[in-house]
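Throughout, read-outs are computed from the coordinates displayed, never taken from laboratory work. What you see is a predicted model; the values in this text were computed from it and never measured. As a convention, Cβ positions derive from the backbone with ideal geometry for all residues, glycine included, and neighbour counts pool all protein chains shown.
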Amino acid sequence: MNPKILIIGACGQIGTELTHRLRELYGIENVVASDIRKLNNDIVNSGIFEVINALDFNQIEHLVEVHHITDIYLMAALLSATAEKNPAFAWDLNMNSLFHVLNLAKAKKIKKVFWPSSIAVFGPTTPRENTPQYTIMEPSTVYGISKQSGERWCEYYHTHFGVDVRSVRYPGLISWSTPPGGGTTDYAVDIYHKALSDGKYECFLSSETKMPMMYMDDAIDATIRIMQAPAENIKIRSSYNLSAMSFTPTEIAAEIKKHIPDFTISYEPDFRQIIADSWPASIDDSRARADWNWHHEFDLESMTVDMLEHLKQIDY
Ligand code: AKB
């Protein structure tokens with residue numbers, strides 16, 4: 001039987017593509033998209049859409065009851081750069097929306113929860129290369145602290161209340177259809193847009209800042225894969241490391257130059273440099289690969305071809 005899905009934060013960078021994919025997989029009538037406002041006409045007009053505040057437990061509970069929801073994907077969050085500017089709201093949104101959804105699952109009103117974590121759970125004392133699943137985690141950002149706390153709560157609700165919650169630590173996500181909102185890895189999306197519109201890009205990180213990244217197609221695949229896996233395969237109930245590629249601004253610029261030979265990049269690091277420096281450069285995701293058969297398709301080269309092809313068609 002198909003799940004009945006509620007996506008909270010459906011108009012965001014991940015939510016948009018996830019909503020489309022889930023509607024394709026399970027049918028438009030089985031997927032309820034929701035967000036704080038009607039932020040994306042494409043999502044609003046192509047299926048069931050509800051305006052909802054992720055901080056309002058009663059609103060979420062009402063939607064769950066009205067639509068007979070079984071699974072919630074909680075995608076609403078403040079990302080790393082925005083969270084530094086508004087710590088109190090970031091903590092409120094990132095933590096309390098999670099509690100609302102976990103509590104609905106604890107009360108057996110829903111069956112399954114997907115909640116995204118991030119490489120931001122790691123910090124400056126974490127080994128930077130090939131960061132293991134289990135290692136030192138001392139996040140130094142507001143966002144990272146909220147994600148690490150969230151992971152602990154997910155595991156706690158699973159252990160103590162049997163909640164079927166599943167999570168991955170997304171790296172920086174790159175997509176062409178919806179802009180990212182307020183992350184430190186966002187430069188890797190902006191650079192493609194500026195390469196096509198201006199032929200040049202000023203990067204807010206320094207040239208050799210290496211970070212883990214993933215194309216959105218792979219991120220959506222991972223999300224669906226972990227949610228479809230049999231419960232006994234999900235052996236980690238905090239969150240799984242997930243990885244596809246790692247590169248520096250110099251390396252992505254060189255890849256773009258293969259297609260746009262006159263493209264130039266300059267560097268003007270800002271406050272986001274400190275955030276990037278506190279995160280891993282590469283990730284060991286062997287547990288996800290072993291437990292639920294995760295594998296990625298896109299590397300820097302194939303992602304660049306796909307990004308430029310799509311962006312040329314829609315924007316430039
Ligand atoms: C961010 O940069 O804040 C996000 C993330 C890595 O979670 N893209």
Enumerate the residues in the range 162-189 having an amide nitrogen under 16 Å from the point lying 7 Å beyond the Cα of GLU309 toward its Cβ. 175-177
Return the long-range amide H neighbours of PHE247 (sequence gap of 5 or more, or a different chain), with a cut-off of under 5 Å between placed amide H atoms. MET211, MET213
Under a plain spin-label model, where a point goes 7 Å from the Cα along Cα-to-Cβ, how far apart in nm are PHE99 and ASN293? 3.9 nm
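Under the 0.36 nm per residue contour assumption, what length would be gained going from the current alpha-carbon distance of TYR267 and LYS106 to full extension?
On the way: separation 161, 0.36 × 161 = 57.96 nm, distance 4.81 nm.
Using 0.36 nm per residue and subtracting the Cα-Cα distance, I get 53.1 nm.
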If you line up the long axis of helix 187-197 against the longest principal axis of the chain, both from Cα atoms, how many degrees apart are they, to the nearest 10? 60 degrees
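Please state the relative contact order of the chain as a whole percent: Cα pairs under 8 Å, 6+ residues apart?
On the way: 628 pairs, mean separation 56.7, N = 316.
Reported as a whole number, the value is 18 percent.
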Sequence order, the range 265-278: Karplus ³J(HN,Hα) from phi using 6.51 cos²θ - 1.76 cosθ + 1.60, θ = phi - 60°, Hz rounded, Gly and Pro as x, gives 10, 10, 10, 9, x, 10, 4, 6, 4, 5, 5, 4, 5, 8
Once the Cα atoms of helix 97-106 and of the chain are each reduced to a long axis, what angle between those two axes, in degrees from 0 to 90 to the nearest 10, is obtained? 40 degrees
Which lysines, on any chain, are close to LYS258 with Cα under 19 Å apart, when same-chain ones fewer than 8 places away are left out? LYS194, LYS200, LYS312
Place a +1 charge on the Cβ of each Lys and Arg in the range 11-151 and a -1 charge on the Cβ of each Asp and Glu, then give the dipole magnitude about the Cα centre in debye, rounded to the nearest 20. 180 debye
Once the Cα atoms of helix 13-26 and of the chain are each reduced to a long axis, what angle between those two axes, in degrees from 0 to 90 to the nearest 10, is obtained? 50 degrees
Taking H as built 1.01 Å from N, whose amide H comes closer than 5 Å to the amide H of CYS203, not counting residues under 5 places away? SER266, TYR267, GLU268
If every alpha-carbon in the chain counts as one equal scatterer, what log10 I(q)/I(0) does Debye give at q = 0.07, 0.08, 0.10, 0.14 1/Å? -0.26, -0.34, -0.54, -1.08
Each label point is 7 Å from the Cα along the Cα-to-Cβ direction; what then is the distance between the points at ASN233 and ILE48, in nm? 2.7 nm
Between TYR170 and residues 5 or more places away or on another chain, which pairs have amide H atoms under 5 Å apart, with H built 1.01 Å from N, and which residues are they? SER117, SER118, ILE119
With θ set to phi - 60° and the Karplus curve 6.51 cos²θ - 1.76 cosθ + 1.60, what are the ³J(HN,Hα) couplings of the range 144-159 in order, to the nearest whole Hz, using x for Gly and Pro? x, 5, 5, 5, 5, 4, x, 4, 4, 5, 4, 4, 4, 5, 5, 5
With the dipole of the chain defined by +1 on each Lys or Arg Cβ and -1 on each Asp or Glu Cβ, the option from SER302, GLY9, ILE260 whose Cα lies farthest towards the positive pole is GLY9
How much length is gained on full extension from GLU65 to ARG37, taking 0.36 nm per residue of separation minus their Cα-Cα distance? 8.0 nm
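Report the calculated FRET efficiency for ARG225 and MET1 (r = Cβ-Cβ distance, R0 = 22 Å), to the nearest 0.05.
0.70
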Partner lysines whose C-alpha sits under 20 Å from that of LYS108, ignoring same-chain residues fewer than 8 away, are LYS4
With unit charges on the beta carbon (Lys/Arg positive, Asp/Glu negative), name the residue among ALA107, TYR157, TYR143 whose Cα is farthest towards the positive pole of the charge dipole of the range 75-172. ALA107
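Let me spell out the model: positive unit charges on the Cβ of Lys and Arg, negative unit charges on the Cβ of Asp and Glu, origin at the Cα centre of the range 94-192. What dipole size does that give, in debye rounded to 20? Show your work: numbers first, answer last.
Details: 10 positive and 7 negative charges, 120 e Å.
Result for the range 94-192 is approximately 580 debye, rounded to the nearest 20.
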Taking only DSSP H segments of four or more residues, each worth -39500 (n - 2.57), what value at 222 nm results for the chain once the sum is divided by all its residues, to the nearest 500 deg cm²/dmol? -12500 deg cm²/dmol
Here, ARG128 and GLU301, labelled 7 Å along Cα→Cβ, have an inter-label distance in nm of 2.7 nm
So what are the ³J(HN,Hα) numbers for the range 54-62, from phi and the Karplus equation (6.51, -1.76, 1.60; θ = phi - 60°), rounded to whole Hz, Gly and Pro as x? 4, 8, 9, 4, 4, 5, 5, 4, 4
Could you give the size of the charge dipole of the range 143-232 about its Cα centre, using +1 on the Cβ of each K and R and -1 on the Cβ of each D and E, expressed in debye and rounded to the nearest 20? 140 debye
